[in-house]
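A quick write-up on the structure given underneath.
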Amino acid sequence: MLDISEIKTIEHDVLIVGAGGAGLSAAIEASGRGMSTGIVMKSLLGKAHTVMAEGGMAAALGNVDERDHWKIHFRDTMRGGKFLNDWRMAELHAKLAPERVLLLEEWGAVFDRTKKGLINQRNFGGHRYPRLAHVGDRTGLEMIRTLQDHGIHQGIETYMECTALDILKNEKGEVCGVVCMWRETGTFIIFKAKSIILATGGGGRAWDVTANSWEYTGDGYALAYEAGAELMDLEFNQFHPTGMMWPLSVKGILVTESVRGEGGILLNSEGTRFMFNYIPDRFRSETADTQEEAARWLAGDPKARRPPELLTRDVVARAINAEVKAGRGSKHGGAYLNIATERSAEDIKKKLPSMYHQFKVLAELDITKEAMEVGPTCHYFMGGIRVDADTTMSSVPGLFACGECAAGMHGANRLGGNSLSDLLVFGYLAGKNASEFAKSKSGHSKIDEEQASKIIRNATNILNREAGANPYLLHEQLEQNMQVNVGIIRVKEELETGIERLEKLKEDYKTVKAKGSSQFNPGWHEALGLRNLLITAEAVARAAILREESRGAHTRSDFPDELKEWLNFNIISRKGLDGNMELVKVKRPVPNPELVRIAESTIEDLENEIVEERKQTNT
Amino acid sequence: MATRKFQIYRGDNEKGEMVNFETEVMEGMVVLDVIHKIQAEQANDLAIRWNCKAGKCGSCSMEINGKPKLSCMTRMNEYKPDETTTITPMKTFPVIKDLVCDVSWNYTQNKRIKPVKLAPESKTEKGYVMYQKDVDRAQEFRKCIECYLCQNVCHVLRDHDKKDSFVGPRFMIRVASLEMHPLDIEDRIPELKNDFGSGLCNITKCCTDVCPEHIHITDNGIIPLKERVIDRFYDPVTILGRKIFGVRKKKLPPLNP
Ligand SMILES: Cc1cc2nc3c(=O)[nH]c(=O)nc-3n(C[C@H](O)[C@H](O)[C@H](O)COP(=O)(O)OP(=O)(O)OC[C@H]3O[C@@H](n4cnc5c(N)ncnc54)[C@H](O)[C@@H]3O)c2cc1C
Ligand code: SF4
Ligand code: SF4
Ligand code: FES
């Protein structure tokens, strides 16, 4: 029998799981409020997914186009999210993003500059104005390094390569700790905490073609689910339209949207710029309908409308998919993305250095001379842990969530650049509110040994079993299943097959076996992540079957239209009393009418309103 | 597609051996793909680090045929098909297991560097004012992905193990990125000489050669820093000037272009 008292215990007021942009922002805020703050992460500090973000962070600073305003950012976000976003979250995000970006500059971030010496901003899909503060095409690196360097001088305790396994609760049902495992040694550790913030990112490793790293096994979703919290909107998985297609070994690696933001065009095998044929009605009045107008936009004509390549990601991904289906795909089954014909070689190398490098090395292709081959790749989870907009707390007292692992902000489809700013805004709010929660507690709760030993046993059983399924092979089967049955275009029969296979995989998982010892054992880590990925995949597939419409990133070929009636509901999954997953369709709260008015105004009306407002405040 | 031979280090800091593997290599594969394939099919517990698979996170550093590299950006077609490829962990840091090293020393160095401090005069309600030409240099250093390959090859650390007296090239350019930030007003020159060991670098440029981000570590970073140390501590004219006028303030970019 396991003796829990022998396991090392560390106490913190606030414990954060995940050290990407969201977790680090939260940690900085919590420690700034005097909390003893700990942050655990699966990789080394500075290696979280955030480091890979390329294009930029969206904030209505108005440095490049003064007409920008939080209201327009908010309107763009809601329209991009097909109005399923949590209204309040989208409002908070649009309002707070500028000040958080400026704070990042204060902490040492060195953004690209405008001629006037301010933070430069670039165009991106779905954003009305140049809005993305950026550093070439390595904005995420700048963000994470800045937060990391700022955070280490603030007394935050970092625990690297330390995997959170499950959450502990006290008799009142509040969270009180987390059981973790040191990857290096395979030994366990218990963190006691008065409040816990999950900032674990997404679950894109459930698909075969993905832009996500090994870390993206949906751990936050599964930890929250097991702790009794609710997951929401998991059917909305963003497939980024432009992942690399060739060579096979790099399939899925991201090609930043900045390539299109900087003027890159999409072509099919016949050389047609096909995006002009896929402009949805909702965006028709704001999108260029001729190549000539698109060219004027690129040249900076403020009257020209944006090129259709910059439509939202769901639209572009579906368009590429349709071209391939119609037999007009590129050599390896995608589309051609060409910037060579639109920009000088010098510009390309300056604006997109890491893309230039990535293609040169990995595909032996010079993007200043040739077109890239691109196709959809799994990229981002709009759904996640259901939280309160203002406090970011889940339905479990003391359990908070922010960043990609939280739901609501992006609705049915996220706009590029809105994630990095989301990390700053909601990381900050989570840090603030989790601190408040921790302050309301007089001390730490006693750890329930039964709970803790069960978590540890679940983990060690995988190693101790005599024989069983190979975790790598199970993972591969899961990826194939999700790719084929729960992919970009979904249909009832396939989704049902997908769920059947998931049930089978869940059975197989019960006998999963990792060979070798407990020390830095990737096979074991893979098996531990697989539990979480299976919970995530099941929630995705079950929600996808329930939502009988097509909206944003969720496309059902058997229900091809966006249905008004479905706008009133979110789909929630949680662990039922019988231990099985339970799905509920819940009615969305009534939004603030002022926000509805802003989101639904025409762009002309809204712009006039802002001009008037500014006149008022200036006089 | 062809079967190719590999020798991979397996073990820890105390004991270990080179283990032979054979596996199919397909078009376009990088070394990291090969390791993943071996891991999935033949050695489930083979330890490595990786994250982005696109040269952006600096996790997958190792030595391939003795050369320090990012394994995710090293294509198999760089090597002859009939040659055996050897894969070993970075030599300068203690091995935890197989290809994974203990790089925690680097994190402690970073903590010793004073954080950024911006000139308040340059702050406006639209943020700080600085121009692209002012930030180009700092941005070059900020491209660093902390792969520690430069730390791994620097002979001061690798052969002479002077980890207690030299922070290494990575942290020299971290200091440079702060010192050359157009608005930073902190002074790190004394500790550069006294604590960070700037004098120990003898400009062999091995660090620059291995940097996957092509940062001009020595020419643009370390040499200018060394010059600042010399100006401050050894140049009689500037020492005298400083006695009279104090440490010269940075000239800040104008608020209007
Ligand atoms: C290639 C690429 C490019 C992108 N470009 C952009 C862009 O230009 N603009 C934009 O806005 N968005 C972009 N995104 C999306 C954005 O980068 C991510 O959504 C965002 O960085 C997620 O941040 P996060 O803080 O929520 O999580 P992450 O940065 O992913 O961090 C998750 C953290 O949680 C830890 N963790 C996970 N599970 C556990 C566990 N069980 N125990 C302990 N720790 C755990 C991980 O170790 C990690 O530290 C891009 C994404 C990709 C993949
Ligand atoms: S130039 Fe200096 S820092 Fe770089 S490898 Fe040589 S001695 Fe080390
Ligand atoms: S300076 Fe270059 S070699 Fe050194 S850690 Fe940074 S990226 Fe790696
Ligand atoms: S895996 Fe990120 S640099 Fe190689």
>> When you check B:K80 against the structure, is it open to solvent by 30 Å² or more (accessible area, probe 1.4 Å), of a type in the set (K, R), more than 16 Å from A:V250 (Cα to Cα) and away from ligand 4 (no atom under 16 Å from the Cβ), yes or no?
In response: yes
>> Tell me the residue from B:Q109, B:Q151 that is at pLDDT 95 or above, part of a helix (DSSP H, G or I) and within 30 Å of B:F21 (Cα to Cα), please.
In response: B:Q151
>> Filter the stretch B:118-146 down to the residues that are within 9 Å of another protein chain (Cβ to nearest Cβ), part of a loop (DSSP other than H, G, I, E, B), touching a residue at least 60 places away in the same chain (Cβ under 8 Å) and more than 18 Å from the chain's Cα centre (by Cα) and list them by number.
In response: B:V129, B:M130, B:Y131
> Of the numbered conditions (1) crowded, with 22+ Cβ neighbours inside 10 Å; (2) among the aliphatic types (A, V, I, L, M); (3) within 9 Å of chain A (Cβ to nearest Cβ), B:A43 satisfies every one except a single condition; which is it?
Replying inline: (1)
>> The conditions are (1) on the phi < 0 side of the Ramachandran plot; (2) open to solvent by 20 Å² or more (accessible area, probe 1.4 Å); (3) away from chain B (no Cβ under 14 Å), and A:L84 fails exactly one of them. Which is it?
In response: (2)
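So which of A:V387, A:V361, A:V396 ends up being within 30 Å of A:K192 (Cβ to Cβ), buried (at least 17 other Cβ atoms within 10 Å of the Cβ) and free of Cβ contacts under 8 Å to residues at least 40 places away in the same chain?
On the way: A:V361 fails: within 30 Å of A:K192 (Cβ to Cβ); A:V396 fails: free of Cβ contacts under 8 Å to residues at least 40 places away in the same chain.
Going through A:V387, A:V361, A:V396 in turn, the sole match is A:V387.
Looking at A:E582, A:E613, can you tell me which residue is more than 19 Å from A:R282 (Cβ to Cβ) and in a strand (DSSP E or B)? Outline the logic, then answer.
Values: A:E613 fails: in a strand (DSSP E or B).
Going through A:E582, A:E613 in turn, the sole match is A:E582.
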>> I'd like the residue in the stretch B:195-222 that is surrounded by fewer than 16 Cβ atoms within 10 Å (Cβ to Cβ) and β-branched (V, I, T) and, out of all such residues, is nearest to B:P68 (Cα to Cα).
In response: B:T204
> Got a sec? Which of B:L149, B:L70 is away from chain A (no Cβ under 12 Å), of a type outside the set (K, R), within 16 Å of ligand 3 (Cβ to nearest atom) and crowded, with 22+ Cβ neighbours inside 10 Å?
Replying inline: B:L149
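Quick grid of which residues meet (1) of a type in the set (A, V, I, L, M, F, W, C); (2) over 17 Å from the mean Cα position of the chain (by Cα); (3) open to solvent by less than 30 Å² (accessible area, probe 1.4 Å); (4) not assigned by TED's automatic domain parsing to the domain that holds B:N220:
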residue: B:R112; (1), (2), (3), (4): no, no, no, no
residue: B:F171; (1), (2), (3), (4): yes, no, yes, no
residue: B:P182; (1), (2), (3), (4): no, yes, yes, no
residue: B:E191; (1), (2), (3), (4): no, yes, yes, no
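Out of the residues in the stretch B:64-79 meeting the condition of being of a type in the set (S, T, Y) and under 19 Å from B:V100 (Cβ atoms), tell me which one is nearest to the chain's Cα centre (by Cα).
Taking the stretch B:64-79 as the starting set, the residues that turn out to be of a type in the set (S, T, Y) are B:71, B:74, B:79.
Those still in the list that are under 19 Å from B:V100 (Cβ atoms) too: B:71, B:74.
Numbers: B:S71: 15, B:T74: 18 Å.
Ranking the candidates gives B:S71 first.
Out of A:S435, A:S440, which single residue is out of contact with any Phe, Trp or Tyr (no Cβ under 9 Å at 6 or more places or on another chain), of a type in the set (S, T, Y), free of Cβ contacts under 8 Å to residues at least 24 places away in the same chain and not assigned by TED's automatic domain parsing to the domain that holds A:I265? I'd like the intermediate steps shown before the answer.
On the way: A:S435 fails: free of Cβ contacts under 8 Å to residues at least 24 places away in the same chain.
The unique qualifying residue is A:S440.
Restricting the search to the stretch A:563-579, which residues are outside any strand (DSSP E or B) and over 18 Å from A:R551 (Cβ atoms)? Walk me through how you get there before you give the answer.
Going through the stretch A:563-579, the residues outside any strand (DSSP E or B) turn out to be A:563-568, A:576-579.
Of everything in the stretch A:563-579, those that are outside any strand (DSSP E or B) and over 18 Å from A:R551 (Cβ atoms) turn out to be A:G576, A:L577, A:D578, A:G579.
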>> Of everything in the stretch B:4-32, what is without any contact (Cβ under 8 Å) to a residue 12 or more places away in the chain and either part of a loop (DSSP other than H, G, I, E, B) or within 16 Å of ligand 4 (Cβ to nearest atom) (or both)? Give them in sequence order.
In response: B:E14, B:K15
> Which condition number does A:R128 fail, the rest of (1) out of contact with any Ser or Thr (no Cβ under 7 Å at 6 or more places or on another chain); (2) assigned to a loop (DSSP other than H, G, I, E, B); (3) more than 8 Å from chain B (Cβ to nearest Cβ); (4) buried (at least 24 other Cβ atoms within 10 Å of the Cβ) being met?
Replying inline: (4)
> Only one of (1) basic (K, R); (2) in contact with a strand residue (DSSP E or B) (Cβ under 9 Å, 6 or more places away or on another chain); (3) away from chain A (no Cβ under 13 Å); (4) closer than 30 Å to A:L463 by Cβ fails for B:K37. Which number is that?
Replying inline: (3)
>> Against the condition in contact with a Lys or Arg (Cβ under 6 Å, 6 or more places away or on another chain) and open to solvent by less than 10 Å² (accessible area, probe 1.4 Å), how does A:G151 come out, does it pass?
In response: no
> In the stretch B:158-211, which residue that is out of contact with any helix residue (DSSP H, G or I) (no Cβ under 6 Å at 6 or more places or on another chain), more than 14 Å from chain A (Cβ to nearest Cβ) and in a helix (DSSP H, G or I) is nearest to ligand 3 (Cβ to nearest atom)?
Replying inline: B:D209
>> For the condition more than 9 Å from every other protein chain (Cβ to nearest Cβ) and away from ligand 3 (no atom under 16 Å from the Cβ), what is the one hit in B:G28, B:G16?
In response: B:G16
> If you check B:R49, B:R10, which single one turns out to be under 18 Å from B:F93 (Cβ atoms) and either surrounded by fewer than 22 Cβ atoms within 10 Å (Cβ to Cβ) or aliphatic (A, V, I, L, M) (or both)?
Replying inline: B:R10
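Conditions tested, residue by residue: (1) open to solvent by 10 Å² or more (accessible area, probe 1.4 Å); (2) part of a loop (DSSP other than H, G, I, E, B).
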| residue | (1), (2) |
| --- | --- |
| A:L365 | yes, yes |
| A:K369 | yes, yes |
| A:M409 | no, yes |
| A:L415 | no, yes |
| A:G427 | no, no |
| A:A434 | no, no |
| A:S442 | yes, yes |
| A:K446 | yes, yes |
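Can you give me the number of residues within the stretch A:411-439 that are over 21 Å from A:T146 (Cβ atoms) and of a type in the set (D, E, K, R)?
3
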> Only one of (1) in a strand (DSSP E or B); (2) on the phi > 0 side of the Ramachandran plot; (3) not aliphatic (A, V, I, L, M) fails for A:D13. Which number is that?
Replying inline: (2)
> Of these, A:G108, A:G173, which one is in a loop (DSSP other than H, G, I, E, B) and open to solvent by less than 10 Å² (accessible area, probe 1.4 Å)?
Replying inline: A:G108
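In the stretch B:223-243, what residues are free of Cβ contacts under 8 Å to residues at least 24 places away in the same chain and either within 16 Å of ligand 3 (Cβ to nearest atom) or under 30 Å from B:P68 (Cα atoms) (or both)?
Keep residues of the stretch B:223-243 that are free of Cβ contacts under 8 Å to residues at least 24 places away in the same chain, which gives B:223, B:227, B:230-231, B:234-243.
Across the stretch B:223-243, the qualifying residues are B:I223, B:E227.
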> Restricting attention to the stretch A:111-121, and to residues there that are outside any loop (DSSP other than H, G, I, E, B) and in contact (Cβ under 8 Å) with a residue 24 or more places away in the chain, which single residue is nearest to the other protein chains (Cβ to nearest Cβ)?
Replying inline: A:I119
>> Kindly evaluate A:G218 against the criterion of being at positive phi, open to solvent by less than 10 Å² (accessible area, probe 1.4 Å) and small (G, A, S).
In response: yes
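The values are calculated or read from the model by the stated rules, or taken from the named source; none is laboratory data. Predicted model, so just to flag it, every value in this text is computed and none were measured. Positions of Cβ are generated from backbone atoms using ideal geometry, with glycine treated the same way; all protein chains shown enter the neighbour counts. Surface areas here come from the heavy atoms of the whole protein model, side chains and all, with no ligands, DNA or RNA. Shrake-Rupley method; radii C 1.70, N 1.55, O 1.52, S 1.80 Å.
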